[in-house]
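Please treat every number below as a calculation from the coordinates, not as lab data. Note that this is a predicted model, so its numbers are computed, not measured. Every residue, glycine as well, gets a Cβ built from its backbone with ideal geometry; the counts of neighbours run over all protein chains shown.
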Amino acid sequence: MTPAAARDPHLTIVVPAYQEGDAILPGLRRILGAVETPAELLVVVDSADDSTVAPVRRLAEGEPSVRVAVNDYGRGPANAIRYGIDQAVAPIVVVTMADGCDDPRQIDDLARLVDRGVVVAAASRYMPGGQQVGGGRFKTFLSRTAGRTLHAFADVGTRDATNSFKAYRRSFLTEVGIDSRDGFEIGLELTAKARRLRLPVAEIPTIWLDRTDGASNFKVLKWLPKYLRWYRFAFGRRLTLDQLVAKTRPQGASS
């Protein structure tokens, strides 16, 4: 990324992080080396004393496109992602994880799909050419089953609706809002909302590699009910934007 990217980015890359320390740096450097679209790289943490902050600030001294933000929406990945999206200055937002499991070379391809008109561009482990290497068998079974059934029966536009590695049109995010407050279900939520509005979603194959350093913060059983809400919501008649907002606001119905 060039210094000009920090001044006028076309893309904001949001990376939620929790106590990554120096382990976050190889993944961030891969992103910086791979992305050609003018972009800002925004790392979001829950507190100023998070171990991720110091190494990211050191990196930012030589990389003006990198910045760190402290989320004040509440703890957890969903709030960190929401906060990062709200802080984004570019018209396209990509969410990718701090663990280095996602392939940063695909960020440009995802952004180009949004430029061409889709509102959600998904990196898919479960379409032809995609693959998942490692990861828990139960979590993989659930995400693969959800993705394939949503693609087959709800026509959501991707076989990997639960993957967090997605690009979004920021104006779409502003219109529909984000209701998730726990876990990583935001990717599924926004895919389901796009489907109910009958807005275009597209996918490209990706190879996901399980992290080799540190521990995952993914809590399958705790977050499963949240995923089920948005899984069910993806099925249904077309909604107007006003109808969708009324159905998905926190105090309203979930389907």
Are there any trypsin sites (Lys or Arg not before Pro) in segment 14-117 that are in a DSSP loop and have at most 10 other Cβ atoms within 10 Å? List them by number. Arg116
Over all distinct Cα pairs, what is the inverse of the mean 1/r for segment 10-126, reported as the Kirkwood hydrodynamic radius in Å? 14.2
Starting from the amide H of Ala69, placed 1.01 Å from N in the peptide plane, find each other amide H under 5 Å away whose residue is 5 or more places distant or on another chain. Val43, Val44, Val45
Which three lengths, in whole Å and largest first, does segment 3-248 cover when its Cα atoms are put on their principal axes? 50, 38, 35
State, to one decimal in nm, how far the label point of Asp49 lies from the label point of Asp155, with both points 7 Å from Cα in the Cβ direction. 5.4
About its Cα centre, segment 3-248 carries a charge dipole, from +1 on Lys and Arg Cβ atoms and -1 on Asp and Glu Cβ atoms, whose size in debye to the nearest 20 is 1160
Taking the alpha-carbon centre of each part, the distance from segment 8-37 to segment 74-109 in Å is 9
When only alpha-carbon atoms count, how far does segment 84-173 stretch along each of its three principal axes, as whole angstroms with the largest first? 38, 31, 23
As straight-line cross-link partners of Lys247, the qualifying aspartates and glutamates (C-alpha separation under 16 Å, not fewer than 8 residues apart within one chain) are Glu175, Asp179, Glu189
With unit charges on the beta carbons (Lys and Arg positive, Asp and Glu negative) and the dipole taken about the Cα centre of the chain, which residue among Thr206, Thr240, Val114 sits farthest to the positive side? Thr240
Quick check for me: using +1 on Lys/Arg Cβ and -1 on Asp/Glu Cβ, what's the dipole size of segment 1-81 about its Cα centre, in debye to the nearest 20? 120
